[in-house]
Amino acid sequence: MAWLLDTRIAIHLLSPGELPAPGFALLAEAPSTAAVPAMAVFTLAGAHVPACACCGARGPVAEALDRLFLGRVRGDFPWFTAIAALPHSADSAETIRRTLREDQASQARFRLMD
């Protein structure tokens, strides 16, 4: 029997200047003043490619997503219904997409809504 319910947390990739919907947490490349129940900031400055020998298997986006996920399940953050991802560039947006494709923990917990 096939499962028809996808319980992973939805991630919506925002365009620059777009605001997250009410109840959404924020995954941002820089701190934001948006009113959200939770926020995790990542930086790609100085970051290496995922799985490089010096950084290990996880990148900054995966680590930020981990902070949101763990904060949600531990009750450290108010409950959020989805995550709005706010990259600053096309390269950052691709890094988010690549993380959701290639990082196994992120794949298991989150799904990208295109």
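Worth pointing out:
- Accessible area per residue in Å² at 1.4 Å probe, computed on the chain: 59 Å²
- Applying 0.36 nm per residue to the separation of LEU70 and MET113 and subtracting their alpha-carbon distance, the gain on full extension is 13.4 nm.
- Computed over protein heavy atoms with a 1.4 Å probe, the carbon and sulfur contribution to the accessible area of the chain reaches 58%.
- Approximate spin-label separation GLU102-HIS88, in nm, with each point projected 7 Å along Cα-to-Cβ: 2.1 nm
- By a 1.4 Å probe calculation restricted to protein chains, ARG97 has an accessible surface near 80 Å², given to the nearest 10.
- Peptides ranked, highest mean first, by Cβ atoms within 10 Å: ranges 78-89, 60-71: 60-71, 78-89
The values are calculated or read from the model by the stated rules, or taken from the named source; none is laboratory data. This is a predicted model, so every value here is computed, not measured. All Cβ positions, glycine included, derive from the backbone under ideal geometry; neighbour counts span all protein chains shown. Protein only, heavy atoms only, side chains kept; ligands, DNA and RNA dropped before computing areas. Shrake-Rupley method; radii C 1.70, N 1.55, O 1.52, S 1.80 Å.
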